[in-house]
Amino acid sequence: MKIATYNVNGVNGRLDVLLRWLGEAEPDVVVLQELKAPDARFPAKAIEASGYGAVWHGQKSWNGVAILARGKQPHLTRKDLPGEPEDEQSRFIEAIVDGIVIGGLYLPNGNPYPGPKFDYKLRWFRRLHDYAAELLELEVPVVLVGDYNVMPTELDVYKPERWKDDALFRTEVREAYQNLINQGWTDALRQMHPGERIYTFWDYFRNAYGRDAGLRLDHFLLSADLAGRLAKAEVDKHVRGWAHSSDHAPVWIELNDKIKRRK
């Protein structure tokens, strides 16, 4: 089973890029972020024509998340993150596909630091932490995947000294991510690439992609049973180089049908 995440940075404006990549990569499940479209403008027909069922939670101009499944319809279970009923930002969606709970998320950026946007980011992280603990208690296969807007370690950021006061790299945010991991989740990309400098995002400015001056912002957190099935975790970096592409690249994992037995 191949599960992917892709911050498309505008699903309608970059629909041609998304459909091209879907045809090339053929993931079984895709989590999308930054749709930047209200529900009524989600390109459901074009995505269905490419062979994918979809559920989505849009928002005009900003945010927006979706889950796609190849050849089937995802079973929608949530369209918000518990803990702050007045929060109207479209940043979380959850569905079941082939018995796996897929939690798709777009964590707040949080800049500028300090300020209310940073405070909101930390509150959102606390809500995610609480809900993630509830999911683990269910003892079902779960993946929490998407754009976390955090570089967990210095290995995940080009020239980390330049980012120390940025909301994506502040100590409080990195600690929140680590606290999440400590519940019992596995960071799939780092698990498969320990010690490797690997990025998922390259800014549009200063030839960041050409210089490979990137950030690792997009993460897969796997429950223990899924971690035992993890076979691959990669970044489709070349997609970032396509014309009119998002500033993120697609990231994906492959799961074996059975848990790998350790010798």
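A few notes on this one:
- Any pair with Cβ under 7 angstrom, 6 or more apart, that starts in the stretch 134-162 at a residue that is farther than 30 Å from GLY99 by Cα and ends at one that is open to solvent by 50 Å² or more (accessible area, probe 1.4 Å): LEU155/ARG197; VAL157/TRP163; PRO160/GLU154
- Pairing residues of the stretch 89-118 that are within 14 Å of GLU172 (Cβ to Cβ) with residues that are surrounded by 17 or more Cβ atoms within 10 Å (Cβ to Cβ) and at pLDDT below 95, at Cβ distances under 6 Å and at least 6 apart in sequence or on separate chains, gives no pairs at all.
- Every residue from the stretch 164-191 that is open to solvent by 70 Å² or more (accessible area, probe 1.4 Å) and not basic (Lys, Arg): ASP165, THR171, GLU175, GLN178, ASN179, ASN182, GLN191
- Index of the failed condition, LEU215 passing every other in (1) of a type outside the set (Phe, Trp, Tyr); (2) surrounded by fewer than 18 Cβ atoms within 10 Å (Cβ to Cβ); (3) over 30 Å from GLU139 (Cα atoms): (2)
- Residues of the stretch 127-141 satisfying the condition of being within 14 Å of LEU180 (Cα to Cα) and under 19 Å from the mean Cα position of the chain (by Cα): ARG127, LEU128, HIS129, ASP130, TYR131, ALA132, ALA133, LEU135, LEU136
- TRP56 being modelled with pLDDT under 95 and among the aromatic types (Phe, Trp, Tyr): no
- Any hit, the stretch 190-200, residues being touching a helix residue (DSSP H, G or I) at 6+ places or on another chain (Cβ under 9 Å) and in contact (Cβ under 8 Å) with a residue 60 or more places away in the chain: no
- Residue match in the stretch 221-231 (condition: open to solvent by 20 Å² or more (accessible area, probe 1.4 Å), in contact with a helix residue (DSSP H, G or I) (Cβ under 6 Å, 6 or more places away or on another chain) and free of Cβ contacts under 8 Å to residues at least 40 places away in the same chain): no
- Long-range neighbours under 7 Å by Cβ, at least six apart or interchain, first residue more than 15 Å from GLY10 (Cβ to Cβ) within the stretch 36-52, second surrounded by 15 or more Cβ atoms within 10 Å (Cβ to Cβ) and of a type in the set (Phe, Trp, Tyr): ASP39/TRP56
- Here GLY23, GLY13 are screened, and the one residue that is out of contact with any strand residue (DSSP E or B) (no Cβ under 9 Å at 6 or more places or on another chain) and either farther than 20 Å from HIS238 by Cβ or not in a helix (DSSP H, G or I) (or both) is GLY13.
- Residues that are within 22 Å of VAL8 (Cα to Cα) and surrounded by fewer than 17 Cβ atoms within 10 Å (Cβ to Cβ), drawn from the stretch 76-88: LEU76, ARG78, LYS79, GLU88
- Per-region count, the stretch 40-52, residues part of a helix (DSSP H, G or I) and either surrounded by fewer than 15 Cβ atoms within 10 Å (Cβ to Cβ) or in contact with a Lys or Arg (Cβ under 8 Å, 6 or more places away or on another chain) (or both): 5
Results for (1) touching a Phe, Trp or Tyr at 6+ places or on another chain (Cβ under 9 Å); (2) open to solvent by 30 Å² or more (accessible area, probe 1.4 Å); (3) at pLDDT 95 or above; (4) not small (Gly, Ala, Ser), shown as yes or no for each residue.
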{"site": "ILE102", "(1), (2), (3), (4)": "no, no, yes, yes"}
{"site": "TYR106", "(1), (2), (3), (4)": "yes, no, yes, yes"}
{"site": "ARG123", "(1), (2), (3), (4)": "no, yes, yes, yes"}
{"site": "ALA132", "(1), (2), (3), (4)": "yes, no, yes, no"}
{"site": "LEU135", "(1), (2), (3), (4)": "no, no, yes, yes"}
{"site": "TYR158", "(1), (2), (3), (4)": "yes, yes, yes, yes"}
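The values are calculated or read from the model by the stated rules, or taken from the named source; none is laboratory data. These numbers come from a predicted model, not from an experiment. A quick note on method: Cβ atoms are made from the backbone with ideal geometry, for glycine too, and the neighbour counts reach across all protein chains shown. Surface accessibility is based on the protein's heavy atoms, side chains included, excluding ligands, DNA and RNA. Shrake-Rupley method; radii C 1.70, N 1.55, O 1.52, S 1.80 Å.
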